[in-house]
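Note sheet for the following structure.
The values are calculated or read from the model by the stated rules, or taken from the named source; none is laboratory data. Since the model is a prediction, treat every value here as computed from it, not as a measurement. Glycine gets a Cβ as well: all are built from the backbone with ideal geometry, and neighbour counts include every protein chain shown.
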Amino acid sequence: MRILDIALKDLSQIFRDKRILLFLVAMPIVFTLFMGFAYKSGKNNDAAKDNRIPLGWVNNDANGLVSRQLFEMLSDSDSLRLVELTPNAVDESVRKGEVAGALIVPLGYSEQLSAGREAQLTLVADLNSAQGQSIFQSLRTPVTQLMSAVEIARLSAETLGKPNDASELNETFASASQSWSASDSASLVKVELAVKDNFLGDWYGDNPYNQASPGILVQFAIMSLVTSGQILVQERKSRTLQRMMSTSLRPWEIIAGHTLAMFGVVFFQIALLVVFGQLVVGVDYMNAPLGTLLISVALSLWVAAMGLLIGTLVKDDSQVVLFALLAMFILSALGGTWFPLEVSSGAFATIGKLMPSAWAMNGYQNILIRGLGLESVWLPTLALLAYALGFFVLAVWRFRKMDV
């Protein structure tokens, strides 16, 4: 109950200043609209370019009828652009971002399928990226249709008593491949993790606000470090903190109360921006509502705990602002709030993916861009909660040593 009293006191003080709504609501909305427009304008400038996803093509079955037919089908794709590669060039091309993935056709692929034996294509791509997901989904239909045509040809030849007649198989396959219909059968593509996926493509899916909305949401949540860090500074100035320390309140209860208050402020801001994104700019946070809620709660707890840690480290308001701004710029840049980490490489990308802001963006983008469900946000949520717990423990430890 004492923790709740501290939280209510803080919330009353924070929302007493009406200017807080400018920071919590108006500024994030303006920045969201601006960034979404900037992303959209950037795409329009490249409208004349071939924006199909480049897919490496490695055919070890060059003379096979089935592999040739697959090549023709994929060549006509509206979403994929085939780039012929040698087997040894696959990893290097994917790592450099020359292609977003590679499809490898094994030796004897057509012969094995025609004989009714199992044969498997290999897709080298990163399914955690938007491009990897797009490639996989784009391949499902043509590969399944191709398998249907092969099976029809084989069954037809057996019915006619000519199971080994190559000309009959080829003729029936050619006819079937022209008349198949879409199938929802499972894909016959084996997926392997790519070395690196640097291809940009439409990294925000079909809506630029899929990047702008969660990006600004996370960035302004981090900006709340200023408000969170100032709580302890203001209490020291007004000597409220000294009075609380003279009561039976324990240090962790004081930090917990302030953390709860800041959690409420940050979560309130996030909720407003989620509603704005969903209703105004068409960002589908409700694709997985519980997933969106979990990420938002974990993000709010992390920011609140980190802000209280900053409050235990500084002496005045100017230092709070300095620490908070540094944290915002570093965590926003490294965490993929301004641009996706898929377009970066090297140490920048490696370090960036470890940032709590990157975990938050990954959770939101799993829902918004990759179209995944609740199961895709468990890991990002747990990572953010681990950061929140770590910062909370550090804040309590530092608070015990603080000169009030």
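Name the pairs: first residue in the stretch 366-393 and under 17 Å from PRO214 (Cα atoms), second residue of a type in the set (Ser, Thr, Tyr) and not in a helix (DSSP H, G or I), Cβ to Cβ under 7 Å, at least 6 apart or on different chains?
Hits for this filter: ILE369/TYR204.
Kindly provide the set of residues from the stretch 270-284 that are surrounded by fewer than 23 Cβ atoms within 10 Å (Cβ to Cβ) and in contact (Cβ under 8 Å) with a residue 24 or more places away in the chain, ordered by number.
ALA271, LEU272, VAL274, PHE276, VAL281, GLY282, ASP284
Give THR337, THR350 a once-over and let me know the one that is touching a Gly at 6+ places or on another chain (Cβ under 8 Å) and in the same structural domain as MET245 (by TED's automatic domain parsing).
Within the list THR337, THR350, the selection yields THR337.
Examine the stretch 311-318 for a residue that is in contact (Cβ under 8 Å) with a residue 40 or more places away in the chain, farther than 29 Å from ASN128 by Cα and basic (Lys, Arg), and state whether such a residue exists.
yes
Quick one: what pairs do we get from the stretch 320-343, first residue within 18 Å of LEU308 (Cα to Cα), second assigned to a loop (DSSP other than H, G, I, E, B), C-beta under 6 Å, 6+ apart or different chains?
VAL320/VAL314; LEU331/MET355
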